[in-house]
Amino acid sequence: MERYPFGSGRPDPSSFPKRELAEAAMRILPEMGNELALYPGTLGYQPMRQVMADRLLRREGIAPSVEEIALTNGSMQPVTLMAQMFIDQPGDGVVMEEFCYSGTIGAYNKEGAELVSISVDEHGMRMDALSDELKKRADKGKLPKFIYVLATFQNPTGAIMPLERRKELLQIAAQYELPVVEDHCYADTVYEDDYYVPSLYTLPAEVPVVHIESLSKILGPGVRLGCFFTKQPLLGKILQIRRDGGTSSLAAAIVYEYFREHLWTHVNHINAIVKEKRDLMFEMLGQCPDAFEWFSRPKGGLFIWVKLPDATDVIECEQIAESISRTPRRRALSPPRIWLRITRTNPRRYS
């Protein structure tokens, strides 16, 4: 049976710059000398960290020092490190959106965390719901350990949290002295010019903010490159619990050599491909008005969020889904509801 890939969020494999990365490797490896015979350290290859800083400067207008940036094996490594850093014992809470990436849910479950679900709307995590939940838990003496949030192109809803709501989130976090972990892994996947909202990391905050980035969405998850940054002394404490010996200097050096001159050309190329697929998906969904109550029209990210009618036959949907490559429903922290998350980065064009 032919299977249609609508599950995984990743770039179109045909867009992977194989030749360009091979040429970059030929240029950079002779320059590295014996560096590859050494451990990369907890921060990682310095030139690649500079690329990450420059990337944020162009996108956000502010950049951390390279000494505040740690390269990681994708973004899931720092996501997991945050739980290891802040969770003291099984049952400690982590605040999350009610719909969230299944990998994050799985990682925090394995760390023994209680996942504290906060409802979302078309603008992301609701601050009234967050405030109410934290007040209840404070009254019981059982506050969670940190807040995890995707404020920009949330997975799976595609929501962009408005600036005032971001400021309110930081105010609520300060009220309860909770660190904020901002997963910014979709921030480069932009298809409209009017989307921009400053990241939480760039806003004034009275609590630590850890900012997580990834190259998986614009290059490929097989490269396993991401980073996180935050201020000292928290950065040093997080690095103390890191046990992997550091992120590959080989991968970082090759990507650095390619991205130092071609980062934004590459990003624009990738986004043009995905935008075409997004627009086609909008067109196809629009041709089936009776099949859906509503679907999102995200300005970035890799997913479209679809609300099916309440009367939808779930068993029939499961039978149809046998021909679709998909991620099983384990990303919702709230009671089951009839929603679909559709990725639009699969390599084939359907009509």
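So, in the stretch 67-87, exactly how many residues are part of a loop (DSSP other than H, G, I, E, B) and closer than 26 Å to PRO204 by Cα? Before the answer, list the steps.
Filtering the stretch 67-87 down to residues part of a loop (DSSP other than H, G, I, E, B) leaves 73-75, 87.
Now narrow it down to the ones that are closer than 26 Å to PRO204 by Cα: 75, 87.
Count: 2.
Could you list all residues from the stretch 54-113 that are in contact with a Pro (Cβ under 9 Å, 6 or more places away or on another chain) and over 30 Å from VAL255 (Cα atoms)?
PHE86, ASP92, GLY93, VAL94, VAL95, PHE99, GLU111, GLY112, ALA113
Please work out if GLN50 is in a helix (DSSP H, G or I), of a type outside the set (Val, Ile, Thr) and within 30 Å of ALA129 (Cα to Cα).
Spelling it out, it is not the case that GLN50 is in a helix (DSSP H, G or I), of a type outside the set (Val, Ile, Thr) and within 30 Å of ALA129 (Cα to Cα).
Does at least one position in the stretch 284-302 carry a residue that is modelled with pLDDT of 50 or more, assigned to a loop (DSSP other than H, G, I, E, B), basic (Lys, Arg) and within 30 Å of ASP194 (Cα to Cα)?
Among the residues of the stretch 284-302, at least one is modelled with pLDDT of 50 or more, assigned to a loop (DSSP other than H, G, I, E, B), basic (Lys, Arg) and within 30 Å of ASP194 (Cα to Cα), which makes the answer yes.
Among (1) under 20 Å from GLU164 (Cβ atoms); (2) surrounded by 18 or more Cβ atoms within 10 Å (Cβ to Cβ), which single condition is ASP132 missing?
Every condition holds for ASP132 apart from (2).
Answer yes or no: is there a residue in the stretch 143-157 that is without any contact (Cβ under 8 Å) to a residue 60 or more places away in the chain, closer than 21 Å to MET82 by Cα and in contact with a Cys (Cβ under 8 Å, 6 or more places away or on another chain).
There is at least one residue in the stretch 143-157 that is without any contact (Cβ under 8 Å) to a residue 60 or more places away in the chain, closer than 21 Å to MET82 by Cα and in contact with a Cys (Cβ under 8 Å, 6 or more places away or on another chain).
Quick one: which residue in PRO90, PRO40, PRO64, PRO30 is exposed (fewer than 14 other Cβ atoms within 10 Å of the Cβ), assigned to a loop (DSSP other than H, G, I, E, B) and either at negative phi or assigned by TED's automatic domain parsing to the domain that holds ASP244 (or both)? Even if it seems obvious, please write down each step before you answer.
Values: PRO40 fails: exposed (fewer than 14 other Cβ atoms within 10 Å of the Cβ); PRO64 fails: exposed (fewer than 14 other Cβ atoms within 10 Å of the Cβ); PRO30 fails: assigned to a loop (DSSP other than H, G, I, E, B).
Going through PRO90, PRO40, PRO64, PRO30 in turn, just one is exposed (fewer than 14 other Cβ atoms within 10 Å of the Cβ), assigned to a loop (DSSP other than H, G, I, E, B) and either at negative phi or assigned by TED's automatic domain parsing to the domain that holds ASP244 (or both): PRO90.
Within the stretch 77-84, is even one residue at pLDDT 95 or above and either more than 23 Å from ALA187 (Cα to Cα) or more than 20 Å from the chain's Cα centre (by Cα) (or both)?
Taking every residue of the stretch 77-84 in turn, at least one turns out to be at pLDDT 95 or above and either more than 23 Å from ALA187 (Cα to Cα) or more than 20 Å from the chain's Cα centre (by Cα) (or both).
If I go through the stretch 119-145 residue by residue, how many of them are in contact with a helix residue (DSSP H, G or I) (Cβ under 8 Å, 6 or more places away or on another chain) and within 16 Å of GLY158 (Cα to Cα)?
Number satisfying all stated conditions: 4.
What pairs come out if I take residues in the stretch 282-301 that are more than 17 Å from GLY124 (Cβ to Cβ) and pair them with residues that are part of a loop (DSSP other than H, G, I, E, B) and not small (Gly, Ala, Ser) whose C-beta lies under 6 Å away, six or more apart or interchain?
Cβ pairs passing all conditions: GLU293/PRO309.
The values are calculated or read from the model by the stated rules, or taken from the named source; none is laboratory data. For clarity, every value in this text was computed on a predicted model and none was experimentally measured. Neighbour counts run over all protein chains shown; Cβ positions are idealised from the backbone, glycine included.
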